[in-house]
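Okay, structure first, notes after.
Here, each number is a calculation from the coordinates, and none is a lab measurement. In this text, all values refer to a predicted model and were calculated from it rather than measured experimentally. When we count neighbours, we look across all protein chains shown, and the Cβ atoms used for this are built from the backbone with ideal geometry, even at glycine.
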Amino acid sequence: RAKGTLRNSFQFFDAAITSTSIEQLQIETLLRRAIERDELLLHYQPKVDRAGKLVGFEALIRWQNAELGMVSPARFIPIAEDTGLIISIGAWVLQEIARQMREWRAQGLPIVPVAANVSALQFSQSGFVQTVAETLAQADLPLGWLELELTESMLMGQIDDLRRQLIDLRQLGVTLAIDDFGTGYSSLSYLHRLPINVLKIDRSFVARLDQSDAMVERSLVSAIISLGHHLGMQIVAEGVETVGQRQILLDAGCDVFQGYYIGRPLPAESAAAWLHPRR
Ligand code: C2E
Ligand code: MG
Ligand code: MG
Ligand code: MG
C-alpha cells in the first residue's frame, strides 16, 4: 500500500512537470511568431514629479494572443530569456517606442522620455550598444527621449567593461536607471563608479510605507533617497498605490512617483491624454 502511494505520488509529480513543460513549449512556439503576427504591444505608465507634472513614461510590454489571451510579461519574459527570443523582442520594444513617439509628435503632442526595461541577456549581448545606437539614429527624435531600466544583477560584471558600456550608452544621450533598487545586492561602492542617473526604489519597500509599523521600510527608503542624492541621482518610487505612501515619499525627498495611485499602465491612445497641456 505504501508502495502504491509512493508510485502514485511519483506519477503525479511527473504529470505536473510534463504539463509545465508543455505549457512552456506552447508559449515558446506561439511567442516565436508573436512579433511577425503583430501580437506584441506596449502600455505606458506615467511618472510624475513632486508637483504632479508628467515627466515621462515607462513602456511595459503586453502580449495579446488568440489562444492564450492577454499574457503577462511576468509569464513570458522568462521564457523569452531562456530561448533567446528576448533579443528580438527587446529590439522590437525600442523600435516601437520610437515609432510611437513619432506618431505622438505628428499629432502635435510633446516628446517626453520613455523608459524601456532591458533584460540581462539583452544587456550582455556584445551588439547591445550598437542596437541602441541604430535605433536612436533611425528614430529621428530629439536627443534624450530614451531611458533604459537595468537591474542590479546586471551590474555585477567586470567593472571596467561595464563602465565602458554604460558610458557609451550615456554618450548616445540615453538615461540609465536601476530598476527594483534594493532587492538585489549591488555593492554601494560599485554604484558611485558607474554613470547611473536614476534609482527606482522597489515596490516592495513602498508597499508597506504607510503602515504604522513600517519603521524599517521608512528608514530604508530615506537611506536610499539620501544615498542617491549624494551620488547625484534622481530617485523614482515605483508601486505608489496610496496618497499616504506618496506623502511619506514626498517628505523623504523623493523626486518622481509612479504607481497605480498616479496612473496605471495605459494603451498608447489613452496614455496620450497625459501629454495634452490642459489635462
Ligand atoms: P518592472 O519593470 O518593475 O515594472 C513594474 C511592474 O509593476 C509592472 O508590471 C507594472 O504594471 C506594475 N505596477 C506599476 N505600478 C504598480 C502599483 O502601484 N502596484 C502594483 N501592484 N503594481 C504596479 P508588468 O507590466 O506586469 O511588468 C512586470 C515586469 O515585466 C516588469 O517589472 C519588467 O521587469 C518586465 N517587463 C515588462 N516589460 C518589459 C519589456 O519590454 N522588456 C523586458 N525585458 N522586461 C519587461
Ligand atoms: Mg521597470
Ligand atoms: Mg520596477
Ligand atoms: Mg519590478
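Helix 128-139 and the longest principal axis of the C-alpha atoms of the chain enclose an angle of approximately 60°. Two-decimal Rg/Rh of the chain from alpha-carbon positions, Kirkwood Rh? Radius of gyration relative to Kirkwood radius: 1.02. Qualifying GluC sites (Glu not before Pro) in the range 28-94, where qualification requires a DSSP coil assignment and no more than 11 other C-beta atoms within 10 Å, comprise 36, 67. Each residue, residue 226 and residue 273, gets one label point 7 Å from its Cα in the Cβ direction; the gap between the two is 4.1 nm. In a DSSP loop and with at most 14 other Cβ atoms within 10 Å, the trypsin sites (Lys or Arg not before Pro) in the range 16-72 are 33, 37, 50, 53.
Within the range 145-219, the chymotrypsin sites (Phe, Trp or Tyr not before Pro) that combine a DSSP coil assignment with at most 13 other C-beta atoms in a 10 angstrom radius are 185.
For the chain, a Gaussian network of Cα nodes joined below 10 Å ranks 82, 180, 49 by mean-square fluctuation, and the top entry is 82. FRET efficiency for the pair residue 133 and residue 159, taken as 1/(1 + (r/R0)^6) with r the Cβ-Cβ distance and R0 = 22 Å, rounds to 0.45. For the chain, the longest principal axis of the alpha carbon atoms and the long axis of helix 2-32 meet at an angle near 50°.
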